[in-house]
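Only one structure is covered here, and it is reproduced in the block below.
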Amino acid sequence: MESKQILEEMFKFHGHVCWASAMGLRASIAALRELGVVRTGIAGELYCIVEIGNNHGARCFADGVQYGTGCTLGKGNIEKAGWGKLAITLIDVVNEKSVRVSYKPGRQKMISESSFMKKRAAGVPPTQIPQEEAYELVNILWDAPETEVLSVGEVKPHPFEDYGELMGMKPCSNCGELTSVAYLRVVGDKHMCIPCAGYGR
Ligand SMILES: [Zn+2]
Ligand SMILES: [Zn+2]
């Protein structure tokens, strides 16, 4: 079983204790293991597609994935598929192979009987449920055998095109804020950032 220390560190990053971020972390650890790689601090090593959408429960899953894989919004090596699913495809960019890992609801009975879920079902907001009760649910999933809570796919070849980084930044001629040159827009004889230019993109 994975150490609980990484779980604690991830909760600090995420901001609260919850089962979905814990499962994102667990899915990440499984994906790294299958690919035979480790969490990365470099954008060019791993790329992650996380299948969550924009407006549903359990999106916290993606924070566990960011923490677990090191693929982050800032590095730009993570993207949301927007499918509303708790799954990732982790790509080993260097060796061009990938694996998909998804959450499997194999402990639904224990989950629905937990005091956390009973309170959620009664309409109590998650922020008003004591942390010990959130932990009860986390532990049900974290301590479960992997085959009960995750589906781990086969490692497959995954050709990967890297478009590189767009270099260079210049100040917007309207607001003066530094903007990546690829995102400056031409307005008359001036170059402006997107919000100043008033364009959608
Ligand atoms: Zn959360
Ligand atoms: Zn501007």
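The values are calculated or read from the model by the stated rules, or taken from the named source; none is laboratory data. Note that this is a predicted model, so its numbers are computed, not measured. Every residue, glycine as well, gets a Cβ built from its backbone with ideal geometry; the counts of neighbours run over all protein chains shown. Ligands, DNA and RNA are stripped out before the accessible areas are found, and what is left, the full protein with its side chains, is counted by its heavy atoms. Shrake-Rupley method; radii C 1.70, N 1.55, O 1.52, S 1.80 Å.
Given the criterion assigned by TED's automatic domain parsing to the domain that holds E9, at positive phi, surrounded by fewer than 16 Cβ atoms within 10 Å (Cβ to Cβ) and out of contact with any Lys or Arg (no Cβ under 9 Å at 6 or more places or on another chain), identify the matching residue among E96, E113.
Details: E113 fails: at positive phi.
Criteria check complete, one pass: E96.
Does L141 satisfy the condition of being within 16 Å of ligand 1 (Cβ to nearest atom) and under 28 Å from E51 (Cβ atoms)? Give the derivation first.
On the way: within 16 Å of ligand 1 (Cβ to nearest atom): yes; under 28 Å from E51 (Cβ atoms): yes.
Here the answer is yes, as L141 does meet what is asked.
Scanning the range 37-56 for residues that are of a type in the set (G, A, S) and surrounded by 12 or more Cβ atoms within 10 Å (Cβ to Cβ), which turns out nearest to G24 (Cα to Cα)?
Taking the range 37-56 first, the residues of a type in the set (G, A, S) are 41, 43-44, 53.
Applying the additional criterion that residues be surrounded by 12 or more Cβ atoms within 10 Å (Cβ to Cβ) yields 43-44, 53.
Values: A43: 19, G44: 21, G53: 14 Å.
Once the filter is applied, the top-ranked residue is G53.
Going by the conditions given, is Y47 away from ligand 1 (no atom under 16 Å from the Cβ), closer than 23 Å to E154 by Cα and not aliphatic (A, V, I, L, M)? It would help to see each step written out before you state the result.
Working: away from ligand 1 (no atom under 16 Å from the Cβ): yes; closer than 23 Å to E154 by Cα: yes; not aliphatic (A, V, I, L, M): yes.
Yes, satisfied.
Name, by its number, the condition in (1) assigned by TED's automatic domain parsing to the domain that holds A58; (2) over 19 Å from A87 (Cα atoms) that does not hold for T179.
The one condition T179 does not meet is (1).
Just to be sure I understand, how many residues within the range 1-34 are open to solvent by less than 10 Å² (accessible area, probe 1.4 Å), more than 12 Å from T69 (Cα to Cα) and among the aliphatic types (A, V, I, L, M)?
So the count comes out to 4.
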